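Below is one structure, written out as C-alpha cells; the observations come after it.
The values are calculated or read from the model by the stated rules, or taken from the named source; none is laboratory data. Not measured: the values here are computed from a predicted model. We place every Cβ from the backbone using ideal geometry, glycine too, and count neighbours over all the protein chains shown.
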Amino acid sequence: MTAFAAVMTGKGTGAISTIQVFGDAAGTIIKKIFKPAGKKQAILQPGAICLGTIVDGSETIDEVIIGCEEPNTFAIHCHGNPLIVEMIMQLLQQQSVTLLTADQLLTKTLPVQKHINTIELEARLTQDKARTLQGTKIVANQIDGGLSKKIAEWLNNINTISVGQFSADVGRILKNSRTAKLIITGCKAAIAGPPNTGKSTLLNCLAGRQKAIVTDIKGTTRDWVSARCKIGPLSIELIDTAGLDEEFAAAPERVVEKASQQKSVEILEQADLVLLVLDNSTTGDQLDDRFGEKIADKKVLTVLNKSDLSAKLDTHKLPQILADTVQISAKFGTGIENLTEKIQQLTGVTDFDLHAAVCFTHRQENLLKQLKNAESKQQAASIISELLNGQM
Ligand SMILES: Nc1nc2c(ncn2[C@@H]2O[C@H](COP(=O)(O)OP(=O)(O)OP(=O)(O)O)[C@@H](O)[C@H]2O)c(=O)[nH]1
Ligand SMILES: [Mg+2]
C-alpha cells in the first residue's frame, strides 16, 4: 500500500493551497488525519467534498475542505499560509506518504486516470509554465492537433511515406519550435551598447517603471538590472547592462568597470535577442570592432536612441550585423511602437501560427533530431512510437 502527496498550488502565500494525495493507501491515511465537521464519518467517494479539520492527534492544524476527485485521489484545500501547508505535508510524511513535486505527482496520476499519451502528459505539465496566453495555446494545440496530428499522419502513412519526407517534416517542426520556445518559455533581451546611450532609459521605458538608475554620467550602470515586459505574444526579460567601453575599463584601477563589462558580455552571450543602443545624436565610433564578434550569431536590433535630437550618426558606416535599425527616443517614448514591431519580426513571432506542429520538451526535441537522421523506415517507426508513448 502506497500513497504520494504534492502541493499543487504555486509557492508563496495565497488564500488557498491545494495538496493532492494519491495512491491505494490514500483513503486510509486521509481518514486518520481528517476529522469531518459535525459528522461521525466522512463520505469520501469520487465526486464528494467534505468540510472538516486536519488533526495531528488532539492538535488541530487547519480547517480544510477535502474533495475526492477520482478513486484513490484526494485534494486537501487548506489555508494558503506556507507554514500550514508545510505542517500538513509533514503530517502526511509521518503517515508514510511519499512527498513529491506537483510535476512528479501528475506524471504518476494523469496516465492512470486519463489514459493519456506522453505528449499529452508533457503538454499538461508545460501549459502551467507557459509565460503568455499564446504560449499556453501553442502547447494545448499540440494535444489534438500540431505534433500529435503530425504523428498520427506519419503512423497512418508509414508504408507510403519516405525517409526523406520524415526529414523534411521534422526540419519544419524544429524550425517552428525555435520560435514557439520563445513564446512558451519567454525570451531574454540584452540591452547593450556604449556608455551613456540611453540603455537604462530604454529599460525603464519598456518596463513602464523606473527600474534602472539614469544619469548623464558615463558608467552609471555597473551591475545588470532586469525587468519583464510583454511585447505581442512574447514575455521578455530585459537585461540592462553596463556600457561597453573596453578602452575605458582597461586601466588597472578600473577593476569594477572591468568586472561589469565582463558581466555584460556574459549576458550578451546568453541572450536570445540583443537590443544594441547607439546615440543617434553623436558622430564617431561608438563601438570597438571586436563587439561584432560577440554578437555574430545573435538576433540584433540596432536602436538609434535620442532621435529627438538632431541626427549625427552615419548609419551607412554601421557594420552589416547592425544594419537592422529603428529610431526612437527612450526619454520621450517615441518610436516605441516601431521598436516593439521590429522585435516581433526579428524573433519570428509576428505571424506565428499557434496551431503549427512544434516540440516543447527536450525529450521531444532529441527524438525529432534522431528522426530527422533516421536511416530506415523501421528506425523511424520506432522513434515515432517512442515520441508518442516513451518515458518522460
Ligand atoms: N535627449 C535624450 N536624452 C536621452 C534619451 N535617452 C536617454 N537620454 C539621456 O542620456 C543620459 C544617459 O542615459 P542612461 O539611460 O543612463 O544611459 P545608459 O546607456 O544606461 O548609460 P550607462 O549606464 O552609463 O552605460 C541621461 O541623461 C538620459 O536622460 C533620449 O531619448 N533623448
Ligand atoms: Mg545605464
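Quick notes on this one:
- Condition met for Leu287 (within 26 Å of the chain's Cα centre (by Cα) and either part of a strand (DSSP E or B) or closer than 19 Å to Gln320 by Cα (or both)): no
- Hey, Leu92 surrounded by 19 or more Cβ atoms within 10 Å (Cβ to Cβ), touching a strand residue (DSSP E or B) at 6+ places or on another chain (Cβ under 7 Å) and among the aliphatic types (A, V, I, L, M) or not: yes
- For the stretch 187-203, taking the residues that are without any contact (Cβ under 8 Å) to a residue 60 or more places away in the chain and of a type outside the set (Gly, Ala, Ser), the one that is nearest to ligand 1 (Cβ to nearest atom) is identified as Pro195.
- Residue selected from the stretch 200-230 under the condition surrounded by 21 or more Cβ atoms within 10 Å (Cβ to Cβ) and closer than 20 Å to Thr347 by Cα, by the criterion farthest from ligand 2 (Cβ to nearest atom): Leu206
- Tally of residues being within 30 Å of Lys218 (Cα to Cα) and surrounded by 18 or more Cβ atoms within 10 Å (Cβ to Cβ) across the stretch 167-199: 12
- Odd one out for Asn81, checked against (1) touching a residue at least 60 places away in the same chain (Cβ under 8 Å); (2) outside the structural domain of His362 (by TED's automatic domain parsing); (3) crowded, with 18+ Cβ neighbours inside 10 Å: (3)
- Cβ-Cβ contacts under 6 Å between residues 6 or more apart (or on different chains), taken from a first residue in the stretch 241-266 that is outside the structural domain of Ala296 (by TED's automatic domain parsing) to a second residue that is acidic (Asp, Glu), are absent.
- Tabulated pairs, the stretch 155-172, first in contact (Cβ under 8 Å) with a residue 24 or more places away in the chain, second assigned to a helix (DSSP H, G or I) and surrounded by 12 or more Cβ atoms within 10 Å (Cβ to Cβ), C-beta under 6 angstrom, 6+ apart or interchain: Ile158/Ala381; Phe166/Leu371; Phe166/Ala380; Ser167/Lys372; Val170/Leu368; Val170/Leu371; Val170/Lys372
- Restricting the stretch 305-332 to residues that are surrounded by fewer than 13 Cβ atoms within 10 Å (Cβ to Cβ) and not in a helix (DSSP H, G or I), the residue that is nearest to ligand 2 (Cβ to nearest atom): Lys312
Matching residues to (1) assigned by TED's automatic domain parsing to the domain that holds Thr101; (2) over 32 Å from the mean Cα position of the chain (by Cα); (3) outside any loop (DSSP other than H, G, I, E, B):
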| site | (1), (2), (3) |
| --- | --- |
| Lys11 | yes, no, no |
| Lys35 | yes, yes, yes |
| Ile43 | yes, yes, no |
| Val64 | yes, yes, yes |
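- Output for the stretch 139-183, where each listed residue is touching a Ser or Thr at 6+ places or on another chain (Cβ under 6 Å) and either more than 19 Å from Glu122 (Cα to Cα) or among the small types (Gly, Ala, Ser) (or both): none
- Selected residue (only one of Gln327, Gln345, Gln320, Gln378 is in the same structural domain as Arg172 (by TED's automatic domain parsing) and in contact with a Leu (Cβ under 7 Å, 6 or more places away or on another chain)): Gln327
- Single residue of Val97, Val7, Val55, Val112 found to be farther than 18 Å from Asp128 by Cβ, touching a residue at least 24 places away in the same chain (Cβ under 8 Å) and not hydroxyl-bearing (Ser, Thr, Tyr): Val97
- Those residues of the stretch 215-244 which are more than 9 Å from ligand 1 (Cβ to nearest atom), polar (S, T, N, Q) and within 15 Å of Glu266 (Cβ to Cβ), in sequence order: Ser226
- Being within 18 Å of Lys199 (Cα to Cα), polar (S, T, N, Q) and in a loop (DSSP other than H, G, I, E, B) is a description that does not apply to Thr302.
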